[in-house]
1. Could you say whether any residue in segment 709-732 is crowded, with 19+ Cβ neighbours inside 10 Å, in contact with a Gly (Cβ under 8 Å, 6 or more places away or on another chain) and outside any loop (DSSP other than H, G, I, E, B)?
2. Being crowded, with 17+ Cβ neighbours inside 10 Å, modelled with pLDDT of 95 or more and among the aromatic types (Phe, Trp, Tyr) is true for just one of 90, 108. Which residue is that?
3. What tally of residues in segment 262-288 results from selecting those that are under 30 Å from residue 211 (Cα atoms), in contact (Cβ under 8 Å) with a residue 40 or more places away in the chain and open to solvent by less than 70 Å² (accessible area, probe 1.4 Å)?
4. Filter segment 273-313 down to the residues that are part of a loop (DSSP other than H, G, I, E, B) and among the basic types (Lys, Arg), then identify the one that is modelled with the lowest pLDDT.
5. For residue 369, only one of the following conditions fails: (1) within 27 Å of residue 58 (Cα to Cα); (2) within 14 Å of the chain's Cα centre (by Cα); (3) charged (D, E, K, R). What is its number?
6. Within the group 582, 617, 553, 606, which residue is acidic (Asp, Glu) and over 30 Å from residue 505 (Cα atoms)?
7. Filter segment 614-629 down to residues that are assigned to a loop (DSSP other than H, G, I, E, B) and more than 10 Å from the chain's Cα centre (by Cα) and give me whichever is farthest from residue 381 (Cα to Cα).
8. Looking only at segment 816-827, how many residues end up being more than 14 Å from residue 543 (Cβ to Cβ) and touching a residue at least 40 places away in the same chain (Cβ under 8 Å)?
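The values are calculated or read from the model by the stated rules, or taken from the named source; none is laboratory data. Bear in mind the structure is a predicted one, so any value in this text is a computation, not a measurement. Here the Cβ is made from the backbone with ideal geometry for all residues, glycine too, and neighbour counts use every protein chain on show. We work out accessible area using only protein heavy atoms, side chains counted, and drop any ligands, DNA or RNA first. Shrake-Rupley method; radii C 1.70, N 1.55, O 1.52, S 1.80 Å.
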Amino acid sequence: MNQITEVVDGWTLSLNPRPDAFASSAAVDGHNVWRNQQTILSPVDLPKSIPATVPGCIHTDLISAGLIADISVDGREEDQMWIWRTDSIYRTTVKSTATSKHALLKFYGLDTLATVYVNDVVRLSTKNMHRSYELDISSELAAGDVRLEIHFKAPLTDAEEQVKALGLYPRPYDMPYNYQRKMACSYGWDWGPITISSGIWKKVELVQWETAYLSSVAVLPTVVNEIPHLLIKPVVKGDRESHRVLVRVLDGETEIAAENFDAALSSYEFDLPSAELWQPRGRGAQQLYTVEITLLHGEKVLQKESKQIGFRTVELDTSAIDSAEYPDKHLFAIKVNGKRLWIRGANWIPDDPFPMRVTRERYEQRIKDMLEVNINGIRVWGGGIYESEDFYNFCDQQGIVVWQDFLFACAAYPETPEMFEEVALEVEEAVSRLESHPSLVIWCGGNECLEGFQYWGWQDDLAGRPWGETFYRQTIPTVVARVDGSRPYIPGSPFSSHSDDVKSFKSGTNHIWDVWNELGYERYEQYTPSFAAEFGFNGPGSWSMLTRAIHKENLDSNDVDVAIHQKAFDGMSKIAAGLAREFATPPTQGVAWYFAAALDQARAVEIGLKHFRSLYEVCSGAILWQFNDMWPAISWAVLDYTGYRKLAWHAMKSAYQPRTITIGRVDQGAQLTIINDTLERWESSARVSLVDAAGKIVDATTIHFALEAFEVSRSALVEVFPQIATLDFEGFLHVDAFDVRVARRTTLNPAQSAPKQNISSSVERAGNSLKVTVVANEYVHELSLLSEVIDLGTQVDTQLVSLLPGESHTFIVAAPDDVLNRIEHHLADILWSHNRVVAG
């Protein structure tokens, strides 16, 4: 049998900072590569070598050696800038076993500019972290132990050299990330730090074989003429003619099909009429099968691989909408097994600045966080990576559909012969690896590159030079059609399927950012996208995480150390502007500011998501920016780096309930929209109360409704409560439909008055949790329990609870015992609401 062993032992790392690694500043054609770089760095006292872990990178090995702090905990970006211009060498010895005729090294991921030496001889050069490489070392290993060295060139140095050689290609940030096939966001983004690193970021295998070797296998499950169909594409090296490939399809332990074919064939396909279809979440069962692929020499098993698959059809419906209200408008709807799926989604970024640290268990927890917030779709964003098999396997198992960007983001990319070759090889490998996953339903050429060319003023800098469009319009779709062909492809997002204008709201996908940048979240309710693929609102991660990161006990919005963790352009001012729209006297520091900023983000998330869902017939999905974070950030994420569920996560949970209710902005009639996005009929009643600024219920009514599957009802509350039509009635609309609750202020003006936070509370210990029961003595709006102020590692089951006088709610807090004790002791300090911010 072929021997495949992971090369993990004996690795060391040597670092060689370049002469400019500790310079006070650096520039690329007059552009500062890091706008915050101010001081000269002190040279780091480095040992000759340090132990290295593979998979890993410079940063993770330095962290393990205690030479730098972890930037995702409390490390400082400026202390690690020298790594950007540091060359490195990874070394190990591959022991000779001399048991096989052939031997090769398979590098699954080298980040990024690597030269591989075998016994001091250059054998391989790489320039793409997003694909794998194989290197034959048969003769060297047969002769004895092999000295393996991998030399990495400093990434920023190389990018600067390319800028000088090729000229400036526009991008939104100073860093020249668009000159390399490297994780773009490692060069920094408006939510993450600059962590430009090098290293062996995926595993290295030693493969030894006698006659033939299964280098890779692509498995494409489709449905042809309503019959499940399987296409197998093995890549066999060696003596293919005398070998065979056995394919078994298993449902659990039960074999439902077995086929074998000549290993010389590049592909083999067959029907599986007994197989059942995989369904997305909420539409049926996630039927999955295991495909075992075995390389045989006679009866001898040489190698075995397996993949998880599911059968379904996917279409992109861009047909015209028959509506007098929306003339010339087209759908952008993903249909799975012939049925339109309304995508309740979020954007996904790398879950750690060093992706090799994201374990299977961490992926599993993140998917659980998605399921609990009612997500049924996730977009893997183009500035990161093609995710691990664990990520897609969990999505398969849970019915979460995946939109996969190819790895281009927000920039013009040089169209060089070398880049064309790299992109084609990268895309072929990524598609071949991922096409087996039924959860993956659409390919996208990249993020905001088309928009950048049309709207961001690139033309002068480009001066007529090609800027990457050929990749999105020709290179990538050609490879996708040849290798996959079973899923829709779009050249980028935003994108219009029926207009040359990528920002058209008549068709395609929209990215909506004027809300955060300028206008406030009520602006969402004036848009009617066919598909809202990117939009969001910024707010702080957990209190304890941020205070730990800045080594302070308080959060002050005017503190430069706090602002370091806000990477958005003018982000702290934009948060302040948002709070000024919400509160007549907005707080600026302490827990009051922290809660108010988190609350503003949560309101924006809930209003935006619910509005797009209220457009059920013409809008087919909402993908919020963003789900997760990679460091202690003030950002658009609803889940912070520690896994804490921000108030915005709870707002998303409310907005993404399959059955939900939304209240529209009062100047548009305070539309009450009731949405049933389930397979079953929903018949119930909603009690709607109008509460004034003193907390008194001044009017109330009951609305009965009966909705069939995937149906929506609408009614204008200004017709029920005419007093709110003046637009300056200071109060609240409160809707209770038993299992669904929603509340909203009755004016768009900044809040000047509210009832005092008049509540009573009691606590009860229940194992590793604390039950906190709160009774509202007066109306309380958006009551939340800020357990994270006490310590890290806490979670609260519900937040943003609005209670009428006399009503009660029980919060369940999970945390270690000592933290629960402190939460109980400080309960009065951490129960916050809109009332407390406004009225004290």
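1. Yes, some residue in segment 709-732 is crowded, with 19+ Cβ neighbours inside 10 Å, in contact with a Gly (Cβ under 8 Å, 6 or more places away or on another chain) and outside any loop (DSSP other than H, G, I, E, B).
2. Numbers: 108 fails: crowded, with 17+ Cβ neighbours inside 10 Å.
One residue alone meets the criteria, 90.
3. We begin by selecting, within segment 262-288, every residue under 30 Å from residue 211 (Cα atoms); these are 262-270.
Cutting the leftovers down to in contact (Cβ under 8 Å) with a residue 40 or more places away in the chain gives us 263, 269-270.
Those left that are additionally open to solvent by less than 70 Å² (accessible area, probe 1.4 Å): 263, 270.
Number satisfying all stated conditions: 2.
4. Looking at the filtered set, the residue picked out is 283.
5. (1)
6. Values: 582 fails: over 30 Å from residue 505 (Cα atoms); 617 fails: over 30 Å from residue 505 (Cα atoms); 606 fails: over 30 Å from residue 505 (Cα atoms).
None of the others qualify; the one that does is 553.
7. Residues of segment 614-629 that are assigned to a loop (DSSP other than H, G, I, E, B), as a first pass: 615-620, 625-629.
With more than 10 Å from the chain's Cα centre (by Cα) added as a condition, the list becomes 615-620.
On the way: 615: 25, 616: 25, 617: 26, 618: 24, 619: 21, 620: 19 Å.
Residue satisfying both the conditions and the ranking: 617.
8. From segment 816-827, those more than 14 Å from residue 543 (Cβ to Cβ) are 816-818, 820-821, 824-825, 827; that's our starting set.
The next check asks that each one be touching a residue at least 40 places away in the same chain (Cβ under 8 Å); those that pass are 816-817, 820, 824, 827.
The qualifying residues number 5.
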